[in-house]
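Written below as C-alpha cells is the structure these notes are about.
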Ligand code: CDT
C-alpha cells in the first residue's frame, strides 16, 4: 500500500506588522509537531507568510513588499532546511513576484529541500477597483495575474500530487483537471472571510460551502485533499477555520477544532483512490467528453 501520515497545519491570524521571521517560526513549530506525529507531508495555508494583504489598497513598493522575490529567500530558508533535516515534505502558499515583475498567488511543494512542484492560482476572486462600501477589500483581481501554469500534477510520496488555492476549490473544473491529470492527492490553502459583503445572506454557509466544495471534488475525482485555513480574526476580518482532510470517498477523516495554529493528521492510503476511480468515476469507461464542449467554450 502507498500509505503515509499526512498533516494539515492551520494558522491563526497573522498581524499586519508581523515579520516573515515570526510567521516562519510558527510554521516551523507546526512542521516539528507534524513530524513528531510521524507525518511525511504537511500542508500550510494560502499566503502563509503574511497577513491577507488583498484586503487593503496598496500601491507600488508598499504592495511589492508583501511579495517574495526568491524562494527560498533568507527568511524562508529555515523551512527548507527543517524540511530536509526532518525528512518531511511541505506545501506553502505565498505571493510571488517574478524577476520580470509579474505577480502571482502561488503555492509550492517542497521535498528533500527542493521545490518539486509549483502552482499559480487560476480562479482569482474579488474585484479590481477599490470599493468604498465594503468593510474590507478583496483585491486579488487587482494584485495578481491569472496563473499561467495550468493545473500541473507532480510525482511525489509514491503517487501523483496536485495543488490548487482557495477560491479554486469551489470550481469543479479545478478538480476535474487535476483528476484527469492523474492527481491522487490535492494540497490547498485558503483565506476565507466569514463575511461575504456582496451576499451577506450566505455568511452562515461559509463552513458548509468550504467542506462541500472539497468533499465533492474528492469524491467526483477519487482523490485525497488536504485543505489548510488561515483562520481567526485577522486585522478585524474574521476568517473561517475548519481545515480538513478528505478521503476519495468524500468523507472527512480529520478536521480542525479551533481558529488558531493547529495541526491535524490522518493516515492517507493513495491506493484508496481506485475505490472510486475503478467504479462510479472510471473516467475511461464513463466520461462522455464529446458532449462537454460548453465547458471549454469561452
Ligand atoms: N482567498 C480566497 O480565494 N478567498 C475566497 C473568498 C471569496 S470572496 C471574495 C474564497 O473563495 O474563499
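Please say if region 213-298 is rounded, prolate or oblate, where rounded means a/c under 1.5 for a ≥ b ≥ c the square roots of the C-alpha gyration tensor eigenvalues, and otherwise the choice is prolate for a/b larger than b/c and oblate otherwise? Oblate, since a/c reaches 1.5 and b/c is not below a/b.
Summarising the strand pairing of region 152-271, around 55 percent of its internal DSSP beta bridges are antiparallel.
The tail of the calculated P(r) for region 1-109 beyond 23 Å holds 29 percent of all Cα-Cα pairs. Here the residues 90, 154, ranked from fewest to most Cβ neighbours within 10 Å of their Cβ, fall in the order 154, 90. Calculated over the chain, the projected area of the Cα convex hull averaged across directions stands at 15.4 nm². Fewest neighbouring Cβ atoms within 10 Å first, the residues 96, 75 line up as 75, 96. Remark on region 85-236: ratio of C-alpha radius of gyration to 2.2 N^0.38 Å is 1.08. Summary of the geometry: region 140-156 and region 1-52, compared by the centres of their Cα atoms, lie 21 Å apart. Legend: ranking of residues 118, 230 from fewest to most surrounding C-beta atoms inside 10 Å; resulting order 118, 230. Calculated mean residue ellipticity, 222 nm, the chain: -6500 deg cm²/dmol, from DSSP H runs (n ≥ 4) at -39500 (n - 2.57) each, averaged per residue and rounded to 500.
Annotation: the antiparallel percentage among DSSP beta bridges lying fully within region 1-121 is about 65. Between residue 62 and residue 22, residue separation times 0.36 nm minus the direct Cα-Cα distance comes to 12.4 nm. For the chain, the antiparallel share of DSSP beta bridges with both residues in that region comes to about 65%. Report the Cα centroid-to-centroid distance between region 75-125 and region 187-217 in angstrom, as an integer. About 24 Å separates the Cα centre of region 75-125 from the one of region 187-217. With the cut-off at 1.5 for a/c, could you classify region 151-298 from its C-alpha gyration tensor as rounded, prolate or oblate? Oblate, since a/c reaches 1.5 and b/c is not below a/b.
For region 42-106, just say rounded, prolate or oblate: build the C-alpha gyration tensor, square-root its eigenvalues into a ≥ b ≥ c, call rounded for a/c under 1.5, and beyond that prolate if a/b exceeds b/c, oblate if not. Prolate, because a/c is 1.5 or more and a/b exceeds b/c.
Only Cα pairs under 8 Å and 6+ residues apart enter the sum, and on that basis the relative contact order of region 63-115 stands at 37 percent.
Bear in mind these aren't lab numbers, they're just calculated from the coordinates by the rules spelled out. Please read all numbers here as calculations on a predicted model, not as lab measurements. Note that we place each Cβ from the backbone using ideal geometry, even for glycine, and neighbour counts take in every protein chain shown.
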